[in-house]
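Okay, structure first, notes after.
The values are calculated or read from the model by the stated rules, or taken from the named source; none is laboratory data. Keep in mind that this is a model prediction, so the values were computed, not measured. Please note: Cβ atoms are built from the backbone with ideal geometry, for glycine as well, and neighbour counts cover all protein chains shown.
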Amino acid sequence: MSDTEKILQELNSLQEKLDTIGRAVDCLVAKKREAAAKRVSGGLPQLKPEEVAAYKNRFDSLYQRWLANDEAAVRAELQAMAVEDLRAFADANNLNVTAKSSKEKLMRQVGYRFREKKQLTHNVIRSQQT
């Protein structure tokens, strides 16, 4: 066998290996795309503008009741909401929620937002008085 034939044989062997690697990479890419498509489709549903407005109004009314020391009733009302409704409520009020957020986590986030809003509004009032 001449040197040229050996080189051609080696090149053919390398080409077959590259083809095998290329098919394996294509298969992995396809699996990743399928997994990404499943994650995207399982997200929170998009809320309509009127739903967002209704949830924001409800948030404001609950916040006002919370400020009036009616915390237990506000907590009970939030606990009575279905998990999907609570997720939509939190999502409409720009809380960091996912489709798998637990009810306890959502309740904590709403409570954090109430306290945060109270601190911000009271600090603004104090700064305006001075």
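Table for the structure above
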item	result
Qualifying residue in the stretch 10-33 (condition: under 24 Å from the mean Cα position of the chain (by Cα), within 30 Å of L78 (Cβ to Cβ) and either assigned to a loop (DSSP other than H, G, I, E, B) or at pLDDT below 95 (or both))	no
Unique match (being under 22 Å from K118 (Cα atoms) and not in a helix (DSSP H, G or I)) among N96, N57	N96
Test: residue in the stretch 34-51 that is more than 21 Å from the chain's Cα centre (by Cα), modelled with pLDDT of 90 or more and in a helix (DSSP H, G or I)	yes
